[in-house]
Amino acid sequence: MLKRNIKNTKKLRRGSAGNEKIKKRKKKEAADMAANGHKEKLITFMVKAFINIVAGCYIMMTKAAMSIFSCFFPPGDDSGASFMVAQPSEPCWVDDGLQYALSLPAIIVIIAYSFGYPLSLYSLYKKNKHIIMRDQVLRASGKGHTIKTNKDIHFRKRYGILYGYFKPTHYWWVLMFIGRKFFVCTFAVGLRNYPTFQLSAMLMVMFCCLLIQVRQRPFLDTKERAELLIDLNQKKLNYANSLVANMTVFAKAHHQDIINHEPERMRKLRKRIAGYENIIKGFRLELLNHDGYWWNLNTLEETLSTGAVILMLSGITFTTEFVANSPNVRASIAMFMVTLLVGLIIYYGMTFKHEFQNVKKVNAKLARVEWRKVKIWKIQNLKENRAHNNQKVMPKGLHVKHLAAMEAKKHAHLQDMIAKSEFDGKAGNNAIHLHAAISEEDKKKKIVMVK
């Protein structure tokens, strides 16, 4: 007996020591997770800030680097000497001049920044193509905001600005914008001495970009999101229907009665098909009731590009002889250009306000979902609520029927026991004691009335 007690005490000590080790390990894991969380947040912030700075300074840095090689000839000067556009007092292509001193840094900026930035983005897109497409499908479904539902949540937070606004098939469309900026900067700086040819070259770039934009419509807005999800669910629906058809053919070939005895797998497939059909109907209703044509991001891009093309075309008309000799026509064209420019700015501001309101609604909805999760956790896990949750809850009016049913079952059980055993004093006493014990357990149970 003494040895047994000693063994039990040793086991208890080992158990308490093991529990302490487990607690220490859990605390260490929690501390490591918190440190990793802070580290991930810091890395995400730095990556996003770097991307925003590089993208915002692209035009300025490219123009500044290219302007080193841009020269102009002063009007009325027959000497043939040219001067730098960036520094008009400095002559071009003179030994030991400012242009020669700045040529090497300008070339480095053009190669490392103007060409290096889009090439690095291309390598990023190519390396993480499947991650981006998977994340865009989740984004279109309104999911993937937590690590549980999206294992690529950190990638989304860091690089989501580079692909989050586009369809999964057009995740690389930022490269189109960078190419347009590069060519516009090149023509604006390199053809400064020839304004008509400069506007014509820029008009060609903008018109080609407009044609590609109208053809592709790459932005992922409400309409495109609904169309994408309809296509995905339609593919799943077709696959499920093909499975059901193949199972039906197999059952008929093996003389199985699937009409009266349908397999469980086929029943689940039919439920899944019904779910896909309901989802498709819901998204088609969303297509009918979406915000409209003018609030679409693709429409915004097309409208602004069209306005830019018209403004450049209007600028070219000022060099024609008819407009140069007609002050009224020139004033009318100028008023039209100003009105168009103001209209484009107002339209852009209204669209920005509309998108801001939509994002605010989505964030409020997500916040309500998170608060609902917190309330559920509070109801289920707080100490003052656990005792209440452990009590048995019965709807109002059913507790009497429940008690009567339980009593009937107990009496029937007792009768069966008495009938099976030999009816003597001992068995009867056992039955009486069993009945008393069950009654005592009934008294201890708590039944809460739901009002």
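All of the numbers you see were taken from the coordinates with simple rules; none came from a lab. Quantities reported herein were computed from a predicted structural model and do not represent experimental measurements. Every residue, glycine among them, receives a Cβ derived from its backbone with ideal geometry; neighbour counts consider all protein chains shown.
What's the exposure ranking of E301, E407, E321, going from fewest to most Cβ atoms within 10 Å? Ascending number of Cβ neighbours within 10 Å: E321, E407, E301. Listing D257, D95 from fewest to most neighbouring C-beta atoms within 10 Å gives D95, D257. Take the Cα of F73, step 7 Å toward its Cβ, do the same at I333, and the gap between the two points is 2.6 nm.
Ordering I68, I43 by the number of other Cβ atoms within 10 Å of each residue's own Cβ, fewest first, gives I43, I68. Cα centroids of segment 69-129 and segment 270-293: 54 Å apart. For segment 56-112, the extents of the C-alpha atoms along the principal axes are 40, 23, 14 Å, listed from largest to smallest. When the pairs K41/K373; K236/K361; K167/K235; K151/K361; K39/K373 are compared against a 20 Å limit on Cα-Cα distance, K41/K373; K236/K361; K151/K361; K39/K373 fall above it.
The spacing between segment 145-159 and segment 317-361, judged by their C-alpha centroids, is 41 Å.
Amide H contacts of F166: L220, each under 5 Å away and 5 or more positions distant or on a separate chain (H built 1.01 Å from N in the peptide plane; Pro and chain starts excluded). Using R0 = 30 Å, the C-beta based FRET efficiency linking K235 and K127 works out to 0.70. In percent, rounded to a whole number, the relative contact order of segment 78-166 is 12, using alpha-carbon pairs under 8 Å and six or more apart.
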